[in-house]
Amino acid sequence: MATSSFLGNRYWVLRHGKSIPNEMGLIVSSMENGTLEEYSLAPEGVNQAQLAGELFQKELMEKKILIENVRICYSPFSRTSHTAKVVASVLDIPFDGPQCKYSVIWALDEKYPFVKPEGGESVSDVVSRLTKALITIESAFQGCTILVVSHGDPLQILQTILHAAKEHDGPNCELASRIEEVKVPSVLSQHRKYALLTGELRAVI
């Protein structure tokens with residue numbers, strides 16, 4: 001999987017494993033509640049994260065990607081940081097060290113991503129935040145394999161904009177400009193086709 005010409009890294013996404021809120025049928029989207037320990041992974045979610053880590057490790061070996069070139073970026077919510085920690089353990093890389101980047105990428109888990117609720121965000125808003133996050137990652141790392149551990153909706157949107165930006169024929173290769181040019185309704189409305197199950201790992205670009 002070659003690095004895209006407008007990106008300096010390879011990207012994989014992983015939706016967090018099944019969480020305690022998932023089992024309880026709760027939507028926990030505020031930072032205040034989302035970072036609480038009691039809203040981390042359920043036992044099934046820990047197993048999903050373990051399996052995702054093993055799959056990721058296998059694919060890294062098949063693609064001859066060195067572990068020292070892997071960086072894990074994750075949302076600060078407990079269900080995502082717990083997932084990232086399990087994966088780091090499988091890969092045998094220090095979760096608290098230079099191999100894992102403690103970047104606050106995004107903490108979004110909106111129930112209705114196309115409607116801008118009071119105090120919430122639209123899909124376009126999410127794209128703006130994702131773009132800033134990608135620019136931060138691209139500035140921090142070059143030639144790395146980045147595993148982004150986050151939530152369902154933002155990971156769907158991230159895949160949508162990266163695939164659209166890759167296919168975009170515009171003359172501008174600068175990341176923010178390419179994403180801005182594809183941030184149109186006809187593109188953003190496709191994000192549901194990139195849905196991930198809990199604990200699902202996927203190579204993006």
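Here, each number is a calculation from the coordinates, and none is a lab measurement. These figures come from a predicted structure and were not determined experimentally. Note: ideal-geometry Cβ built from the backbone for every residue, glycine included; neighbour counts use all protein chains shown.
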Checklist entry - Name the GluC sites (Glu not before Pro) in region 133-205 that are in a loop by DSSP and that have at most 15 other C-beta atoms within 10 Å, would you? => result E174
Item to check | D_trans [Stokes-Einstein, Kirkwood Rh over alpha-carbon pairs] for region 136-205, 4 °C, 1.567 mPa s, µm² s⁻¹ | outcome: 98
Checklist outcome for this item: If the chain between E174 and Q57 were fully extended at 0.36 nm per residue, the gain over the current Cα-Cα distance would be 39.0 nm
Next on the checklist: How much length would be gained if the chain were fully extended between S124 and E23, taking 0.36 nm per residue of separation minus their Cα-Cα distance, in nm to one decimal?
Outcome noted: 33.4 nm
Item to check | Long pairs among K18/K193; K63/K132; K85/K183; K132/K183; K166/K193; K18/K85, criterion Cα-Cα beyond 22 Å | outcome: K63/K132; K85/K183
Next on the checklist: Report the gain in length on full extension from M31 to A195: 0.36 nm times residue separation, minus Cα-Cα distance, nm rounded to one decimal.
Outcome noted: 56.8 nm
Checklist entry - So, in nm, how far is label D92 from label K64 when the simple model puts each one 7 Å beyond its Cα toward the Cβ? => result 2.1
